[in-house]
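In what follows, a structure is listed as structure tokens, so that the remarks can point back to it.
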């Protein structure tokens with residue numbers, strides 16, 4: 001059984017077998033992380049491909065000072081967030097182009113159902129994911145890494161290249177924001 | 001239970017709805033798709049380089065570059081005047097009111113001699 005350091009060395013030589021092994025080993029982690037952020041299965045799959053292509057192209061820049069998984073999480077989260085920003089820009093541009101319309105920029109976003117959520121939690125989880133989608137980027141990333149990937153605050157801090165206390169603060173603010181959004185949602189739907 | 005308490009209960013349950021969540025699984029053929037994309041990308045570059053490295057295309061590019069450089073150097077039609085290295089120094093001096101001797105330099109009464 002080949003160890004990770006040897007695998008990375010082989011990948012740096014462009015070895016296809018090493019690349020395949022890395023993809024097979026990490027694909028669920030990458031896909032799940034991206035899915036939590038972009039909340040669309042088709043887009044998440046395309047972006048997961050992008051991530052591994054970037055890994056192949058940029059493996060020479062991986063110096064081994066952080067864990068490989070940390071580096072991979074960073075590429076995955078950055079790729080997902082870049083995609084969301086690009087979507088937002090296109091949406092704004094599309095809105096400007098259609099100025100003859102009613103001026104209402106908000107379109108209804110379909111509910112996202114994460115495939116890993118248990119059946120009895122599906123509807124609640126869909127409401128929660130909508131609220132997560134509205135969080136600021138850093139809070140969204142920290143929340144996704146902690147809740148969906150089960151990373152500790154320490155691991156999250158390494159991915160975000162920040163301190164553990166900063167992650168605690170992000171999570172606290174994320175929870176407050178989520179509660180506020182959920183309160184608005186349930187006040188609207190329970191009256 | 002009041003409406004407010006019920007809402008707080010709903011919020012609490014919703015926040016816990018991701019507990020025990022299983023990781024989503026990627027497409028089992030993800031590597032095949034990645035490989036196909038990388039091969040397509042490599043083919044585009046290969047096609048581009050093989051096109052411009054064809055002798056006829058490479059020569060055509062060189063000829064165009066040389067033609068553009070040549071046109072820039074010759075600078076179009078021009079006036080036909082050239083500056084001769086044998087231009088009389090005194091003519092230049094007269095034209096620009098240059099007086100060789102510093103002692104005789106009369107700033108106020110500069111004339112062409």
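The values are calculated or read from the model by the stated rules, or taken from the named source; none is laboratory data. On a predicted model such as this, the values are computed, not experimentally measured, just so you know. No Cβ is skipped: glycine too gets one built from the backbone with ideal geometry, and neighbour counts run over all protein chains shown.
Any idea which of A:80, A:66 is closer than 30 Å to residue A:13 by Cα and either at pLDDT below 95 or surrounded by fewer than 19 Cβ atoms within 10 Å (Cβ to Cβ) (or both)?
Numbers: A:80 fails: either at pLDDT below 95 or surrounded by fewer than 19 Cβ atoms within 10 Å (Cβ to Cβ) (or both).
Every option except A:66 fails the conditions.
Quick grid of which residues meet (1) at the interface with chain B (Cβ under 10 Å from one of its Cβ atoms); (2) surrounded by 14 or more Cβ atoms within 10 Å (Cβ to Cβ); (3) in contact with a helix residue (DSSP H, G or I) (Cβ under 7 Å, 6 or more places away or on another chain):
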| residue | (1), (2), (3) |
| --- | --- |
| A:11 | no, yes, yes |
| A:27 | yes, yes, yes |
| A:37 | no, yes, yes |
| A:42 | no, no, no |
| A:47 | no, yes, yes |
| A:60 | no, no, yes |
| A:73 | no, yes, yes |
| A:97 | no, no, no |
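If only one of B:9, B:13 is more than 9 Å from every other protein chain (Cβ to nearest Cβ), assigned to a helix (DSSP H, G or I) and within 30 Å of residue A:122 (Cβ to Cβ), which one is it?
Numbers: B:13 fails: more than 9 Å from every other protein chain (Cβ to nearest Cβ).
Just a single option satisfies the conditions, and that option is B:9.
If I ask for residues that are more than 10 Å from chain B (Cβ to nearest Cβ) and buried (at least 18 other Cβ atoms within 10 Å of the Cβ), which ones from the stretch A:172-185 would you list?
A:174, A:177
If you scan the stretch A:116-135, which residues turn out to be in contact (Cβ under 8 Å) with a residue 24 or more places away in the chain and part of a loop (DSSP other than H, G, I, E, B)?
A:116, A:134, A:135
Table: residues versus (1) over 13 Å from residue B:15 (Cα atoms); (2) assigned to a helix (DSSP H, G or I).
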{"site": "A:84", "(1), (2)": "yes, yes"}
{"site": "A:89", "(1), (2)": "yes, yes"}
{"site": "A:112", "(1), (2)": "yes, no"}
{"site": "A:162", "(1), (2)": "yes, no"}
{"site": "A:168", "(1), (2)": "yes, yes"}
{"site": "A:174", "(1), (2)": "no, yes"}
{"site": "A:184", "(1), (2)": "yes, yes"}
